[in-house]
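Q: Let me begin by handing over the structure; questions about it come next.
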């Protein structure tokens, strides 16, 4: 069963094509995706809008002087998921932001195979949202970051890839999905080309999460496999979100990663370069992070961070 996606869809011109699946069902990203705006003045009661009603933000609590964070959930989730609600709360607890949750639950609620085929179309809609915000002077592209979990990480990547006139500053990929995404097809998955800085947090590479590096900096939490305190793969897959949420808090420890020579050292669990360390997650700073692969050790329960490795 194959999804037909028109590659000529141009987010810059808002010409977003519907993705059609067999058996008489269809999901239209343009029609079905909803955006949920949260700000310090409406932390719980979202302003909900579609790609065709972005102008209603003018009559909401949206504040153009605040940075924008766009969060995308994964398979079988919606706007009520931890990745949107938890990350939203963490950002709003940390400062003044416009947080926009991307609810593509209508498509994400279908089979995994179908949902994975929708990631390009949903990415185009997110790119269109970014275009409208920037062109309306509601934000500067350098103050707009994307965060995506699982399939949502690839949606964020596809959004960045689809932008024609400028480049996203930052994308955080939280355990990007593995199944139905391939190393030799970077245009349909998260890749370093999708933003000026792409950071990836791997927590379940043995099943749900993508095993190979996908960003400028890839953090393999506990070498990216089973996470301490988790008995299931679903738990490990979700830990990427929990770690990222904690990284946004005022943690005095921080998730410090130890440098690895390459991905083979991750597979062999032999990363020992404590002279090369990098801080995972948190509020992005123009820090001197050496691109590459890192492993981060955590505790088995919250707070998870251990701190700087000596």
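Computed from the coordinates by the stated procedures, all read-outs in this text should not be read as laboratory data. Quick caveat: nothing in here was measured; it's all calculated off a predicted structure. Ideal geometry is used to build each Cβ from the backbone, glycine not excepted, and the neighbour counts take in all protein chains shown.
Q: Ratio of the stretch 111-226's C-alpha Rg to 2.2 N^0.38 Å, to two decimals?
A: Against the empirical 2.2 N^0.38 Å value, I get 1.02 for the stretch 111-226.
Q: Please report the relative contact order for the stretch 29-251, taking Cα pairs under 8 Å with a sequence separation of at least 6, and give it as a percent rounded to a whole number.
A: Contact order relative to length: 17 percent.
Q: If neighbour count is taken as other Cβ atoms inside 10 Å, put 163, 174 in order from fewest to most.
A: The fewest-first ordering by Cβ neighbours comes to 163, 174.
Q: Using r as the Cβ-Cβ distance of residue 135 and residue 112, and R0 as 51 Å, what FRET efficiency do you calculate, to the nearest 0.05?
A: Rounded to the nearest 0.05, the efficiency is 0.90.
Q: Please report the antiparallel percentage of the DSSP beta bridges confined to the stretch 185-310, to the nearest 5.
A: Within the stretch 185-310, antiparallel bridges account for around 45 percent of the total.
Q: Can you sort 301, 265 so the residue with the fewest Cβ neighbours within 10 Å comes first?
A: Ranked by crowding around the Cβ, least crowded first: 301, 265.
Q: I want to check the label-to-label distance for residue 262 and residue 308. Put each point 7 Å from Cα in the C-beta direction and report it in nm to one decimal.
A: 3.1
Q: For a footprinting-style exposure proxy, rank 230, 271 by other Cβ within 10 Å, fewest first.
A: Starting with the residue having the fewest Cβ neighbours, the order is 230, 271.
Q: Run the quick spin-label model on residue 276 and residue 252: label points 7 Å from Cα toward the beta carbon, then report their separation in nm to one decimal.
A: 3.1
Q: When DSSP beta bridges are limited to those with both residues in the chain, what percentage is antiparallel, rounded to the nearest 5?
A: The antiparallel fraction comes to roughly 45 percent.
Q: Can you tell me the orientation of helix 119-135 relative to the chain, as the angle in degrees between its alpha-carbon axis and the longest Cα principal axis, to the nearest 10?
A: On a 0 to 90 degree scale, this one is about 80.
Q: From Cα coordinates alone, what are the radius of gyration and Dmax values for the stretch 49-92 in angstrom?
A: In order Rg, Dmax, the Cα atoms of the stretch 49-92 give 12.2, 34 Å.
Q: To the nearest 10 degrees, how steeply does helix 151-162 sit against the main Cα axis of the chain, on a 0 to 90 scale?
A: Long axis of 151-162 versus the principal axis of the chain: about 60 degrees.
Q: Another question, then. Can you compute log10 of I(q)/I(0) for the stretch 29-251 with the Debye formula, treating each Cα as one identical point scatterer, at q = 0.09, 0.11 Å⁻¹?
A: Treating every Cα as an identical point scatterer, log10 I(q)/I(0) equals -0.31, -0.47.
Q: How much FRET efficiency would the formula 1/(1 + (r/R0)^6) give for residue 93 and residue 234, where r is the Cβ-Cβ distance and R0 is 25 Å, rounded to 0.05?
A: Computed FRET efficiency for residue 93 and residue 234: 0.45.
Q: Write down Rg/Rh for the stretch 238-310, rounded to two decimals, with Rg from the C-alpha atoms and Rh from the Kirkwood relation over Cα pairs.
A: That ratio is 0.95, to two decimals.
Q: Calculate for the chain the 222 nm mean residue ellipticity that helices alone would give, adding -39,500 (n - 2.57) per DSSP H run of length 4 or more and normalising by residue count, nearest 500 deg cm²/dmol.
A: After summing the helix terms and dividing by the residues of the chain, the value is -7500 deg cm²/dmol.
Q: Additional query: If you take the C-alpha gyration tensor of the stretch 181-310, multiply each eigenvalue by 5 and take the square root, what semi-axes do you get, largest first, in whole Å?
A: Largest first, the stretch 181-310 gives 20, 18, 15 Å.
Q: Using only Cα atoms, figure out Rg for the stretch 52-180 and give it as a multiple of 2.2 N^0.38 Å.
A: 1.00
Q: Taking Cα atoms, how many degrees apart are the long axis of helix 233-248 and the longest axis of the chain, rounded to 10 and kept between 0 and 90?
A: 90
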